[in-house]
There are 4 protein chains.
Amino acid sequence: MTEVKFQSNIEIEYIQHMGSDEMVAHAAWVSTRGKVIEFKPDDPAKIPGLINYLMKHRHGTPFEHGGLTIRGYGPIFMWIEWLRHRIGFSYNGESGRYKQLDPVFWEPGRDRPLLKAIDSTPARPKSVPMESDEEFYAMLRDKREVCAACYRVYEQDLARGVENGVARSVLPYSIYSAYYVTCNPRSIMALSLRVEDYEAFFVSHPQREIQEAALQLEEIFRQYWPLTHAAFVKNGRVGP
Amino acid sequence: MTEVKFQSNIEIEYIQHMGSDEMVAHAAWVSTRGKVIEFKPDDPAKIPGLINYLMKHRHGTPFEHGGLTIRGYGPIFMWIEWLRHRIGFSYNGESGRYKQLDPVFWEPGRDRPLLKAIDSTPARPKSVPMESDEEFYAMLRDKREVCAACYRVYEQDLARGVENGVARSVLPYSIYSAYYVTCNPRSIMALSLRVEDYEAFFVSHPQREIQEAALQLEEIFRQYWPLTHAAFVKNGRVGP
Amino acid sequence: MTEVKFQSNIEIEYIQHMGSDEMVAHAAWVSTRGKVIEFKPDDPAKIPGLINYLMKHRHGTPFEHGGLTIRGYGPIFMWIEWLRHRIGFSYNGESGRYKQLDPVFWEPGRDRPLLKAIDSTPARPKSVPMESDEEFYAMLRDKREVCAACYRVYEQDLARGVENGVARSVLPYSIYSAYYVTCNPRSIMALSLRVEDYEAFFVSHPQREIQEAALQLEEIFRQYWPLTHAAFVKNGRVGP
Amino acid sequence: MTEVKFQSNIEIEYIQHMGSDEMVAHAAWVSTRGKVIEFKPDDPAKIPGLINYLMKHRHGTPFEHGGLTIRGYGPIFMWIEWLRHRIGFSYNGESGRYKQLDPVFWEPGRDRPLLKAIDSTPARPKSVPMESDEEFYAMLRDKREVCAACYRVYEQDLARGVENGVARSVLPYSIYSAYYVTCNPRSIMALSLRVEDYEAFFVSHPQREIQEAALQLEEIFRQYWPLTHAAFVKNGRVGP
């Protein structure tokens with residue numbers, strides 16, 4: 001019998017990128033300089049201030065002249081949330097119609113806050129860890145059992161010759177899926193609203209798994225566009 | 001114990017619309033007439049020819065001056081495919097984080113072709129009906145059992161106080177979900193590639209459930225934009 | 001000789017719309033209510049609060065389930081700015097290739113502030129009226145003269161048989177053009193950043209003519225979505 | 001007095017890119033392979049066939065995992081047409097509000113077909129060269145005169161302290177402007193409809209200047225994505 005695997009991690013892996021903070025500045029300077037090819041000696045020193053200005057005044061288009069492709073791996077419930085981002089995002093994902101999906105399911109890690117806190121509200125959800133080990137592992141056991149049972153029915157259907165698209169219908173949301181995602185600094189900053197940060201101007205309360213994906217993506221973004229990222233944080237995480 | 005329901009239908013319900021074939025024509029005529037407010041007596045007679053011309057030559061923008069909102073109800077695996085349409089589509093859907101999802105799951109109807117045909121290929125999938133009643137109902141029984149088991153674990157988690165987003169992770173793809181979708185004639189024609197039509201210029205092989213949604217949407221579209229729809233079909237179902 | 005006309009007004013004319021504040025609420029409620037068709041007696045009373053909540057927390061998608069088509073008439077320099085809005089905007093405009101453009105040009109009205117103020121900066125432009133009537137009308141006379149001269153060369157080229165697209169190349173930016181524009185509440189709020197309002201959270205400094213267009217559009221929006229508009233203003237004019 | 005310059009060329013200059021034909025294949029393979037990191041020895045040999053398959057069947061998303069930034073320089077009437085492309089295009093352009101525009105205007109080259117042919121129709125425009133040198137240079141002289149006159153009024157207004165945005169209103173459409181444009185293989189193929197090619201499945205009749213821009217862009221695209229470009233041409237230049 002196929003062994004069913006359970007894990008909790010979210011993986012965002014760098015594939016390719018183009019652009020830099022300097023490119024943001026060049027695209028912005030075309031407004032005021034026009035067709036100028038050479039840059040002046042003191043231009044580099046002006047870039048941090050310029051980027052901060054663009055961010056603060058929400059001039060967003062200069063942040064679109066860059067690109068980043070990642071390969072992500074996470075549960076389908078995470079992807080469904082991510083796929084809602086339509087602007088500045090391109091996706092290609094694992095297909096439940098063209099291949100047999102691998103028996104890998106997400107489950108919460110031991111340290112993940114799980115229980116709705118007493119002061120949790122739908123608008124401001126708040127969770128606390130499950131204290132009892134016994135309760136936690138009983139919960140996992142139940143989850144694992146039903147996921148494994150679903151996967152058995154799935155395989156049985158495939159063995160019967162049922163088309164993939166129908167067979168996969170019994171698979172739980174927690175099944176892992178791989179996606180190629182291409183985005184740009186501006187769209188990354190829009191996704192970053194999916195990070196709960198009480199320093200942010202508009203505080204968001206995403207589910208922890210989409211937040212984990214957004215944080216890993218943001219870390220890659222920070223590496224290649226450090227000034228842009230710093231200006232984003234400084235200006236209350238309001239995407240331009 | 002909560003009763004779990006199984007069904008096979010896809011529902012696309014009209015909510016509101018604006019626009020008409022005449023509006024497509026008016027938007028197109030602004031190119032050649034500019035700021036003209038009154039239309040000429042023989043203009044109505046010219047509309048079918050104009051719309052056919054726009055479609056044939058792929059002048060797409062006049063088909064964007066309209067709108068249609070529907071409420072759809074179908075399994076989540078259908079929505080995941082639909083949500084991949086980013087341009088000219090707006091979505092609001094039932095949330096697995098803000099509410100308890102209803103125990104309604106999709107299962108194939110008796111007459112739905114299910115088995116991969118001998119000459120089926122990934123690029124050109126083809127299915128035939130399952131002949132044996134016994135085999136069909138055995139398959140359904142297995143599906144129902146695991147879906148019901150998953151829903152029990154889901155409810156148990158909710159009863160334990162587990163946050164909705166985590167609890168729903170064990171629910172199968174076949175669970176029903178409701179969405180408001182707003183689109184326009186041009187984006188509807190792009191979705192219509194999700195209809196297998198051997199008269200089409202580019203033949204598509206969608207999964208039957210997304211095709212059913214696309215067909216119902218197309219039928220509403222046909223009612224309010226009959227000339228546009230006729231021109232679309234006449235020109236090989238190639239969206240402009 | 002063709003008479004060349006000069007004017008200063010911007011016209012935004014209502015053509016069609018769909019949607020309402022109530023529709024925004026219905027689209028939002030699908031998250032928490034799912035496939036519910038009937039609304040409760042006290043739902044209407046909840047709509048203002050709900051819309052304010054969505055606006056404040058920047059939940060934007062419910063504001064996309066509506067549509068508005070307008071016919072606008074203004075100078076091409078205004079349209080070039082407007083056309084930069086790509087998301088949630090559809091355009092069809094008068095074509096300089098398919099028709100002879102009408103001899104109607106924009107010029108500033110007598111009361112329009114025109115002169116850069118002493119404390120004007122590129123980031124915070126500020127204008128004051130031209131005091132001298134003599135100077136103002138001398139300026140107009142010069143503008144009118146060159147616009148009329150350009151139009152004469154344009155007509156001469158057309159008479160010579162020069163293709164429209166080349167002939168129009170000498171026409172000034174101030175020539176009027178008509179456009180059909182279709183948008184939705186969310187995209188209208190994004191355009192509304194083109195209004196200089198010192199109560200706004202992010203103050204913008206648009207050119208007066210695009211601001212005039214945005215204000216007229218906003219007034220139509222306010223009529224059909226009064227609660228949405230009120231929430232937009234209340235929340236610092238930050239589009240969700 | 002400022003010297004006014006006239007020229008006919010369109011410049012599209014490579015700035016940066018990411019992606020390749022191989023990346024298109026990798027993004028497509030995630031559908032059928034999922035989270036596979038290593039590629040097989042015979043994969044490279046399969047890439048041309050795969051790309052042709054994707055193009056033929058209009059699977060467009062794999063072509064979005066790439067990016068290209070160019071700096072373009074051309075008359076504003078060309079940019080207005082280009083700016084109509086909203087999807088997969090990002091723009092930053094020279095601003096008539098933030099800087100004084102340079103006195104550089106477009107005029108047709110001697111060899112450019114200019115006169116509407118006898119069998120030209122609006123739907124199928126066709127031009128032939130102007131035979132008489134005398135007529136051609138008389139035409140240029142008139143164009144140059146009015147463009148120079150407009151520029152003088154523009155400078156005079158600026159000298160008077162008139163705000164840039166108003167002063168520029170008398171400048172002709174033929175004035176040059178610089179833009180940064182970022183796009184991707186899929187959006188480039190959509191722009192390529194702006195090339196008149198009688199081998200294409202849908203023949204387009206663009207103005208020569210936007211066609212020149214599209215051709216130069218296509219040439220850069222061909223260099224970095226040769227297999228994708230070949231498949232595009234082979235399949236009748238129908239963008240996927």
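The values are calculated or read from the model by the stated rules, or taken from the named source; none is laboratory data. If you're wondering where the values come from, they're calculated on a predicted model, not measured in any experiment. All Cβ positions, even for glycine, are placed from backbone atoms using ideal geometry, and neighbour counts span all protein chains on display. Ligands, DNA and RNA are stripped out before the accessible areas are found, and what is left, the full protein with its side chains, is counted by its heavy atoms. Shrake-Rupley method; radii C 1.70, N 1.55, O 1.52, S 1.80 Å.
According to a simple spin-label model (label point 7 Å from Cα along Cα-to-Cβ), what is the distance in nm between D:GLU11 and A:THR2?
Output for this residue pair reads 5.9 nm.
Report the calculated FRET efficiency for A:ASP119 and A:ARG84 (r = Cβ-Cβ distance, R0 = 35 Å), to the nearest 0.05. Numbers along the way, then the final one.
On the way: r = 28 Å, r/R0 = 0.79.
In this case the efficiency is close to 0.80.
Can you give the alpha-carbon Rg of chain A over 2.2 N^0.38 Å, where N counts its residues? Each step should come with its number before you reach the end.
Details: Rg = 21.8 Å, N = 240, 2.2 N^0.38 = 17.7 Å.
The value comes to 1.24.
Out of the total accessible area of the range C:41-131 (probe 1.4 Å, heavy atoms of protein only), what percent is carbon and sulfur? Provide the component values of the computation, followed by the final result.
Values: 2030 of 3480 Å².
Carbon-and-sulfur percentage of accessible area, whole number: 58.
Can you pull out the buried accessible area for chains B and C, both sides counted, probe 1.4 Å, rounded to the nearest 100 Å²? Write down the numbers at each step before the final one.
Details: alone 13930 and 13880 Å², together 24440 Å².
The B and C chains share an interface burying roughly 3400 Å².
Within 10 Å of each candidate Cβ there may be at most 13 other Cβ atoms; applying that plus a DSSP loop requirement, which GluC sites (Glu not before Pro) in the range B:18-91 survive? Could the numbers behind the result be given before it?
On the way: sites: B:GLU22, B:GLU38, B:GLU64, B:GLU81; in loops: B:GLU38.
Those satisfying the criteria are B:GLU38.
Roughly what % antiparallel, to the nearest 5, for the DSSP beta bridges in chain A?
Values: 22 of 25 bridges.
Bridges in chain A are about 90 percent antiparallel.
Give the Rg (one decimal place) followed by the Dmax (whole number) of the protein assembly as shown, computed from C-alpha coordinates and expressed in Å.
Cα only, the protein assembly as shown: 29.2, 96 Å (Rg, Dmax).
Suppose only helical runs count, i.e. DSSP H with n ≥ 4. What mean residue ellipticity at 222 nm does that imply for chain C under -39500 (n - 2.57) per run, divided by all residues and rounded to the nearest 500 deg cm²/dmol?
Numbers: 8 runs with 100 residues, N = 240.
It lands at -13000 deg cm²/dmol.
Of all accessible surface on the range A:154-240 at a 1.4 Å probe, what whole percent is carbon and sulfur? Before the final figure, lay out each step's value.
Values: 1350 of 2760 Å².
Within the range A:154-240, the accessible surface is 49 percent carbon and sulfur.
Which distances, shortest first and in nm, link D:HIS59 to the matching position in the other copies, using label points set 7 Å out along Cα to C-beta?
3.5, 3.7, 4.2
For the range C:60-182, what is the charge dipole size about the Cα centre, in debye to the nearest 20, if Lys and Arg each add +1 at the Cβ and Asp and Glu each add -1 at the Cβ? The partial results should precede the final answer.
Details: 16 positive and 16 negative charges, 78 e Å.
Rounded to the nearest 20 debye, it is 380 debye.
Run the label-point distances for B:ASP133 please: 7 Å along Cα to Cβ, every other copy, nanometres, shortest first.
So the label point of B:ASP133 gives 5.5, 9.4, 9.8 nm to the other copies.
Sorting check: for B:180-191, B:137-148, C:3-14, D:156-167, which peptide has the highest mean count of neighbouring beta carbons within 10 Å, and how do the rest follow?
Working: B:180-191: 24.3, B:137-148: 17.9, C:3-14: 14.8, D:156-167: 19.5.
Highest mean packing first, the order is B:180-191, D:156-167, B:137-148, C:3-14.
Return the long-range amide H neighbours of B:ALA178 (sequence gap of 5 or more, or a different chain), with a cut-off of under 5 Å between placed amide H atoms.
When sequence neighbours closer than 5 places are left aside, the close amide H contacts are B:GLU94, C:LYS35.
In square nanometres, what is the average projected area of the Cα convex hull of the range A:2-102?
Values: hull surface 40.2 nm².
Reported value for the Cα convex hull: 10.0 nm².
Please give the helix C:43-56 orientation as an angle from the longest Cα principal axis of chain C, in degrees from 0 to 90, rounded to the nearest 10.
Approximately 60 degrees, to the nearest 10.
So what is the relative contact order for the range A:1-143, in percent, with contacts set as C-alpha pairs under 8 Å and at least six apart?
Contact order relative to length: 33 percent.
Whole number in Å², please: accessible area per residue of the range B:30-168, 1.4 Å probe, ligands, DNA and RNA not counted. Mind showing how you got there, number by number?
Working: 5650 Å² over 139 residues.
Using a 1.4 Å probe on heavy atoms only, each residue of the range B:30-168 averages 41 Å².
With just the Cα atoms defining each centre, how far is the range D:127-158 from the range B:49-77? Give it in Å.
Here the answer is 43 Å between Cα centres.
Angle check, please: helix A:208-224 long axis (alpha carbons) against the longest principal axis of chain A (alpha carbons), in degrees 0 to 90, nearest 10.
30 degrees
Name the chain D residue nearest the rotation axis between D and B, going by Cβ position, and give the distance in whole Å.
D:ILE87, 3
Quick one: in the range D:71-140, what % of C-alpha pairs are over 17 Å apart? The partial results should precede the final answer.
Values: 1530 of 2415 pairs.
Above the 17 Å cut-off, the range D:71-140 has 63 percent of its Cα pairs.
Pairs of Cα atoms under 8 Å, at least six residues apart: use those to get the relative contact order of chain C, whole percent.
On the way: 344 pairs, mean separation 75.7, N = 240.
Rounded, it is 32 percent for chain C.
Top mean-square fluctuation among C:PHE221, C:PHE202, C:PHE39, Gaussian network model of chain C, C-alpha springs under 10 Å?
Among C:PHE221, C:PHE202, C:PHE39, the largest GNM mean-square fluctuation belongs to C:PHE39.
About its Cα centre, what dipole magnitude does the range A:14-88 give when the only charges are +1 on Lys and Arg Cβ and -1 on Asp and Glu Cβ, stated in debye to the nearest 20?
On the way: 9 positive and 7 negative charges, 53 e Å.
Computed charge dipole of the range A:14-88: roughly 260 debye.
For chain C, modelled as a Gaussian network with Cα springs under 10 Å, which listed residue fluctuates most, C:TRP225, C:TRP29, C:TRP82?
Ranking C:TRP225, C:TRP29, C:TRP82 by mean-square fluctuation puts C:TRP29 first.
So what does log10 I(q)/I(0) come out to for the range B:107-240 at q = 0.09, 0.10, 0.15 Å⁻¹, using the Debye formula with one equal point on every Cα and no solvent?
One equal scatterer on each Cα of the range B:107-240 leads to -0.43, -0.53, -0.94.
If R0 is 60 Å, what FRET efficiency do you get for D:GLN100 and B:LEU140 from their C-beta distance, rounded to 0.05?
On the way: r = 75 Å, r/R0 = 1.25.
For R0 = 60 Å, the calculated efficiency reads 0.20.
If each label sits 7 angstrom from Cα along the C-beta direction, how far apart, in nm, is C:SER8 from its counterparts in the other copies?
So the distances to the same position in the other copies read 4.2, 6.8, 7.1 nm.
Have a look at the range C:103-121 and report residues whose accessible surface goes down by 40 Å² or more when the remaining protein chains are included, against the chain on its own, probe 1.4 Å, ligands and DNA/RNA excluded.
SASA drop of 40 Å² or more in the range C:103-121: C:LEU114, C:LYS116.
When DSSP assigns beta bridges and you keep just the ones with both residues in the protein assembly as shown, what percent turn out antiparallel, to the nearest 5?
Values: 94 of 106 bridges.
Taking every DSSP beta bridge with both residues in the protein assembly as shown, the antiparallel ones total about 90 percent.
Treating only the Cβ atoms of Lys and Arg (+1) and Asp and Glu (-1) as charged, compute the dipole magnitude of the protein assembly as shown about its Cα centre; round to the nearest 20 debye.
Values: 116 positive and 124 negative charges, 0 e Å.
Here the size comes out at about 0 debye.
Along the charge dipole of the range C:8-58, Cβ charges K/R +1 and D/E -1, which of C:MET18, C:PRO48, C:SER8 sits furthest on the positive end?
Most positive-ward Cα: C:PRO48.
Kindly write out, for the range C:66-77 in residue order, the coupling ³J(HN,Hα) from the Karplus curve 6.51 cos²θ - 1.76 cosθ + 1.60 (θ = phi - 60°), rounded to whole Hz, with x marking Gly and Pro.
x, x, 8, 10, 10, 10, x, 9, x, x, 4, 5
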